[in-house]
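The values are calculated or read from the model by the stated rules, or taken from the named source; none is laboratory data. All of these numbers come straight from a predicted model, not from anything done at the bench. With ideal geometry, Cβ positions are generated from the backbone for all residues, glycine too; neighbour counts draw on all protein chains shown.
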Amino acid sequence: MKAGKGTAFLDPLTALDLEALTSEIIPTTETPGAKEAGVVHFIDRALTTFDREYQPAYREGMAGINAKRAEMFPGSASCAALTSAQRIALSPPVAASPEHRSNTVIEGRSMAENSVPYL
């Protein structure tokens, strides 16, 4: 995450996980990606202002993603600690989960849309 910038809603570990996941969706190439754009800080700010009602969905969604991560990659500490290939492999199972289909992760959209719903 950007040096010196904390988050108001997201705890530090969740922010790092979300940064890693959003960086798979908008990777850094020859152009800046999600990390450089500060997407996590935008999401955090949104969740403390105009999208406050989505706070429970983000908590539940990230808990669901981490539960699936632990199931798929036993012994892994976090989404941020996974390799890029592992994070990409995590996406389809999360999107197909019953929790996802029942709107636990924001509005039943794909993990990509859920991770960065404002872009």
Residue that is nearest to the chain's Cα centre (by Cα) [pool: residues in segment 56-75 that are closer than 18 Å to Pro92 by Cα and not in a helix (DSSP H, G or I)]: Phe73
Residue count, segment 52-68 (criterion: crowded, with 17+ Cβ neighbours inside 10 Å, more than 17 Å from Leu82 (Cα to Cα) and not small (Gly, Ala, Ser)): 2
Where a residue in segment 57-83 is touching a residue at least 60 places away in the same chain (Cβ under 8 Å) and its partner, wherever it lies, is part of a loop (DSSP other than H, G, I, E, B) and not basic (Lys, Arg), with Cβ under 9 Å and at least six apart: Leu82/Phe73; Leu82/Ser76
Lone unmet requirement of (1) part of a loop (DSSP other than H, G, I, E, B); (2) exposed (fewer than 13 other Cβ atoms within 10 Å of the Cβ); (3) under 15 Å from the mean Cα position of the chain (by Cα) for Ser78: (2)
Criterion (of a type outside the set (S, T, N, Q), loosely packed, with under 13 Cβ neighbours inside 10 Å and in a helix (DSSP H, G or I)) met by exactly one of Pro32, Pro92: Pro92
Conditions (1) under 12 Å from the mean Cα position of the chain (by Cα); (2) at pLDDT below 95; number of the one not met by Arg101: (1)
